[in-house]
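As structure tokens, the structure follows; a few thoughts come after it.
The values are calculated or read from the model by the stated rules, or taken from the named source; none is laboratory data. Since the structure is predicted, the reported quantities are computational estimates derived from the model, not experimental observations. As a convention, Cβ positions derive from the backbone with ideal geometry for all residues, glycine included, and neighbour counts pool all protein chains shown.
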């Protein structure tokens, strides 16, 4: 009985944290919307799946580094600065996107690789697994392994599912996004990505500075 209650509690925590992280504005969500507008809902969905590609090594790596390396902040700060540069590049691409009166944008979307790069170079999954998810998962694994699995399942179903829902919603209204409206939305997304890039750069510098 106790194990069942614990498993349900861990599942609930995973769902809550997944929904919160999935709906929160960030570089990956902005990329999901951008890829959907530019290439269609299927490409937005592919970008939304990025955490399933990148997070396992992040979970294992962050847990290992934080337990073995004294200068974890230096590593996290370096990754964050690199992430700022990559997000700035994505912003530049959004600003220079050509007009698209009808249909989807020509060219290779590379949504999976772009999404994976954004997620891997963002500090958010590292910070989450270092400060919240990692300790909770380690504790749960030692006390209630079905609960640990339930936490992971609930977290990723809601994290990815919320972003997929955004892509599908934007995809349904995409046919109305033509001409100037289309370019205006892309420029707005570019500005949002640029703001995220500045925030990532600030966070990365702060992390590097905090080593001393």
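So here's what we get for this one:
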{"read-out": "Single residue of 161, 171, 184 found to be under 16 Å from residue 31 (Cα atoms), modelled with pLDDT of 90 or more and surrounded by fewer than 20 Cβ atoms within 10 Å (Cβ to Cβ)", "value": "161"}
{"read-out": "Helices (runs of 4 or more DSSP H) lying entirely in the stretch 36-121 (those with 3 or more residues that are at pLDDT below 75)", "value": "50-68, 72-95"}
{"read-out": "Search result, residues across the stretch 39-63 that are within 18 Å of residue 186 (Cβ to Cβ) and either buried (at least 24 other Cβ atoms within 10 Å of the Cβ) or in contact with a strand residue (DSSP E or B) (Cβ under 8 Å, 6 or more places away or on another chain) (or both)", "value": "43, 44, 47"}
